[in-house]
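Input: a single structure, listed below in structure tokens.
Computed from the coordinates by the stated procedures, all read-outs in this text should not be read as laboratory data. Keep in mind that what you see is a predicted model, and the values were worked out from it rather than measured. Positions of Cβ are generated from backbone atoms using ideal geometry, with glycine treated the same way; all protein chains shown enter the neighbour counts.
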Amino acid sequence: MLIDDGARLQGVAVCHIVAGTEAGGGACYIKFGAVRPGPSAERLFGLLVDACHGLAAAAGRRSSSRARTPAGTGPGGCWPAGLPAGPPGGGDAPSE
């Protein structure tokens, strides 16, 4: 998934969405997502997550808004306020 404002790339996400991937059957798993840093980062990250949810809905897959921080970092700048940490059910992949 790419977020582009017409001038430059603003965000990118890698989604697993087919059986045989970390998503498993019937799910959309956002493996990685990042946006440009700066005052618009929280808004851009929200747009990126919304776009991934749209991809999941269009493909008839379920999705979840949960994020995991990189090792050694805290919740302070890794995702927008209110986005719960960790994948649903714990572990590295979404629960089925």
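Can you compute the charge dipole magnitude of the stretch 2-58 about its Cα centre, using +1 on each Lys and Arg Cβ and -1 on each Asp and Glu Cβ, nothing else charged? Give it in debye, rounded to the nearest 20. Walk me through the numbers before you get to the answer.
Numbers: 4 positive and 5 negative charges, 20 e Å.
Once rounded to the nearest 20, the dipole reads 100 debye.
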Between ALA19 and ASP50, what length comes free when the chain is fully extended (0.36 nm per residue of separation minus the Cα-Cα distance, one decimal in nm)? 9.0 nm
Considering only the other residues whose Cβ falls under 15 Å of the Cβ of LEU44, what net charge follows from Lys and Arg at +1 and Asp and Glu at -1? -1
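For the stretch 2-58, take N as its residue count and report Rg(C-alpha) divided by 2.2 N^0.38 Å.
1.20
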Whole-Hz Karplus couplings 3J(HN,Hα) for the stretch 35-51, θ = phi - 60° and coefficients 6.51, -1.76, 1.60, Gly and Pro as x, run 10, 4, x, x, x, 9, 4, 5, 5, 5, 5, x, 4, 5, 5, 4, 5
Would you mind computing, in nm to one decimal, how far apart the modelled labels at GLU42 and LEU2 are, each placed 7 Å from Cα along Cα→Cβ? 2.9 nm
Amide H neighbours of CYS15 under 5 Å, at least 5 residues apart or on other chains, H built in the peptide plane: list them. LYS31
